[in-house]
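Encoded as structure tokens, the structure appears first; notes follow it.
The values are calculated or read from the model by the stated rules, or taken from the named source; none is laboratory data. All values derive from a computational prediction rather than experimental measurement. Glycine also receives a Cβ, built like all others from the backbone with ideal geometry; neighbour counts cover every protein chain displayed. Just the protein is used for accessible areas: all its heavy atoms, side chains included, with ligands, DNA and RNA removed. Shrake-Rupley method; radii C 1.70, N 1.55, O 1.52, S 1.80 Å.
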Amino acid sequence: MGVVNVTPDSFSDGGRFLSETAAVSHARALIADGADLIDIGGESTRPRAEPVSEADEIARVVPVIAAIRADSDIPISVDTLKPAVARAAVAAGASLWNDVTALTWSPDSLAVAAELGCGVILMHMQGRPATMQDDPRYDDVVGEVAAYLEARAEAAMAAGVPPAAIQLDPGVGFGKTAAHSLTLLAHLDRIVALGFPVVLGVSRKSFMARIDRTAKDAEDRLAGSLAAALAGARAGVATLRVHDVRETRQALAVQAAIEAARR
């Protein structure tokens, strides 16, 4: 899953793709690099990010989705917590709703997801982006994240979302310390064991800077992102949400070739 942030304040690219032209060009480059799907977001969910109005978010993402759909049949995901934005994005050509609040932001979220008939990615996040990194605490981070995701999947199914449309994301870095994120990565098999496809977003995450102090800037975390992506692949995740598509595909191909040689 290639990431396109149509935002001025993303942690990873600092607004380089805020304009429609830049965002569409970047999406096309990710497709050329081998992305299997494109995830488009118009509101930053980095720690302490400021909220974006519904109208502004729609104005950012819909033209980009429409432009990509006009010349490609690649699956498109919209990264939003707002049902109205998801509705507009699906009308423009998106087929997947990626929600960091696991369809809890609005009382209408579950019903709208069922009505739209699109796929949904349900992510775990403790708190909200503005405050999620203030003081995240868990007694058992893996158990609590797994239980939450299972409960949200059950809620989605009860609302009419087909089981086959549901994917889960443990939310690495969302309301979690570096230690929490590493523990989740070490035990991804327990999330995979819930029986739904798992989406893993670890690309350029800040926990890497706690391991390597030279990786202070997001652009300096490619090697760490690849290491984490490979760990996710070995654990059986279905989708890797990444900024560096070509490099990630190469790393996965080499890992697969090594495994094939072992057999």
query: How about residue 216: which lysines have a C-alpha closer than 16 Å to its C-alpha, ignoring those fewer than 8 places off in the same chain?
result: 205
query: What's the local net charge at residue 239, with K and R +1, D and E -1, over the other residues with C-beta under 11 Å away?
result: -2
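Want the number for residue 104 to residue 231: 0.36 nm per residue separation, take away the alpha-carbon distance, what's left? Write down the numbers at each step before the final one.
On the way: separation 127, 0.36 × 127 = 45.72 nm, distance 2.92 nm.
Roughly 42.8 nm would be gained on extension.
When the accessible area of segment 115-214 is computed with all protein chains present and a 1.4 Å probe, what percentage of it is carbon and sulfur?
Numbers: 2230 of 4340 Å².
Roughly 51 percent of what the probe reaches on segment 115-214 is carbon or sulfur.
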- request: Provide the net charge surrounding residue 59, with neighbours chosen by a C-beta distance below 12 Å and charges set as Lys +1, Arg +1, Asp -1, Glu -1.
  value: -4
- line: Charge dipole of the chain built from unit charges on the beta carbon (Lys, Arg +1; Asp, Glu -1), centred at mean Cα; most positive-end Cα among 52, 233, 83 is 233
statement: Among (1) 46, 40, 38; (2) 59, 36, 36; (3) 63, 53, 30, the entry matching Cα extents along the principal axes in Å as calculated here is (1)
- line: Which of 234, 87, 60 fluctuates most in a GNM of the chain (C-alpha springs under 10 Å)? That residue is 234
query: Hey, if you put +1 on the Cβ of every Lys and Arg and -1 on every Asp and Glu Cβ in the chain, which of 64, 23, 245 ends up farthest toward the positive end of that dipole?
result: 245
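May I ask for the net charge around residue 170, where only other residues with Cβ less than 15 Å from the Cβ of residue 170 are counted and Lys, Arg are +1 while Asp, Glu are -1? Before the final figure, lay out the partial values.
Details: positive: 152, 176, 190, 205, 241; negative: 99, 140, 144, 150, 169, 189.
Summing Lys/Arg as +1 and Asp/Glu as -1 gives -1.
Keeping all protein chains in place, calculate the accessible area per residue for the chain (probe 1.4 angstrom), answer in Å².
Values: 11430 Å² over 263 residues.
Here the residues of the chain average 43 Å² of exposed surface.
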query: For 244, 99, what's the largest-to-smallest order of accessible area, 1.4 Å probe?
result: 244, 99
- prompt: Got a sec? What order do 138, 148 fall in by accessible area at 1.4 Å, biggest, i.e. largest, first?
  reply: 148, 138
- prompt: With labels modelled as points extended 7 Å from the Cα through the Cβ direction, what inter-label distance (nm, one decimal) is found for residue 253 paired with residue 33?
  reply: 1.4 nm
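Suppose a student asked you for the relative contact order of the chain, using Cα pairs under 8 Å spaced at least 6 residues apart; what percent would you report? Write out the running numbers ahead of the final one.
Details: 481 pairs, mean separation 42.3, N = 263.
After rounding, I find 16 percent.
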field: Whole-number D in µm² s⁻¹ for segment 132-263, Kirkwood Cα-pair radius fed into Stokes-Einstein, 20 °C, 1.002 mPa s
entry: 136 µm²/s
